[in-house]
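The values are calculated or read from the model by the stated rules, or taken from the named source; none is laboratory data. Not measured: the values here are computed from a predicted model. Glycine gets a Cβ as well: all are built from the backbone with ideal geometry, and neighbour counts include every protein chain shown.
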Amino acid sequence: MTQTSSAASRSDIPLLVEMMTEFYAESNYPLDSQWATKSFATILDRPDLGSIWLLRQNGYPAGYLVLTIRFSMEYGGLDAFIDDLFVRSQHRRYGVASHGLSLLLAECHRGDVRALHVEVAPNNVAANATYAKFGMALRRDRRQTLTVELGS
């Protein structure tokens with residue numbers, strides 16, 4: 001299986017909304033497609049807010065990744081959030097998420113991001129194991145946030 005990725009563009013928004021609908025449906029959340037379309041467009045139009053990537057497996061759209069960025073007093077610089085990381089069910093357990101996280105960490109290092117966070121339910125064993133492979137650990141303040149410090 002070959003994993004590839006590319007930066008998303010405005011022409012990818014319908015596909016991104018389609019995958020976000022699948023992502024939300026797994027948790028029985030409805031998705032307002034108009035809101036999702038606007039949200040994707042905002043990030044794509046404002047790279048200072050973050051980035052979006054399409055993840056592919058053997059050329060097929062397998063998922064997407066959204067990174068949002070802000071300045072943090074706690075870290076004295078930029079910190080970033082994995083806002084969404086979704087892999088379609090038929091593409092799971094083939095390294096698509098790991099490929100996306102490798103891409104994301106490289107991007108964070110290039111952008112001098114000091115910390116990377118993600119919220120994960122404690123019972124999401126697969127996601128927690130994937131994040132742990134990249135050195136992310138549960139914070140002590142009981143928030144369901146995993147953090148890895150990337151720089152000093």
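General observations
- Filtered by the rule that a residue be farther than 14 Å from Ser11 by Cα and exposed (fewer than 13 other Cβ atoms within 10 Å of the Cβ), region 29-62 gives Tyr29, Pro30, Asp32, Gln34, Trp35, Arg46, Pro47, Asp48, Asn58, Gly59, Tyr60.
- Enumeration of residues in region 5-60 that are among the basic types (Lys, Arg) and in contact with a strand residue (DSSP E or B) (Cβ under 7 Å, 6 or more places away or on another chain): Arg56
- Residue list for region 74-83, filter: surrounded by fewer than 21 Cβ atoms within 10 Å (Cβ to Cβ), more than 10 Å from the chain's Cα centre (by Cα) and either modelled with pLDDT of 95 or more or assigned to a strand (DSSP E or B) (or both): Gly77, Leu78
- Extreme residue, surrounded by the most Cβ atoms within 10 Å (Cβ to Cβ), among residues of region 103-141 that are of a type in the set (Gly, Ala, Ser) and closer than 29 Å to Met73 by Cβ: Ala115
- Residue within region 92-115 that is touching a Ser or Thr at 6+ places or on another chain (Cβ under 9 Å), modelled with pLDDT under 95 and in a strand (DSSP E or B) present: yes
- Here Asp45 passes the criteria (1) at pLDDT 95 or above; (2) within 17 Å of the chain's Cα centre (by Cα) except the one numbered (2).
- Filter result for the condition that a residue is in contact with a helix residue (DSSP H, G or I) (Cβ under 8 Å, 6 or more places away or on another chain) and closer than 23 Å to Ala132 by Cα, over Ser27, Ser98, Ser9, Ser102: Ser98
- Residue satisfying all of: in region 7-35; of a type in the set (Ser, Thr, Tyr), assigned to a loop (DSSP other than H, G, I, E, B) and more than 16 Å from Ile52 (Cβ to Cβ); modelled with the highest pLDDT among these: Tyr29
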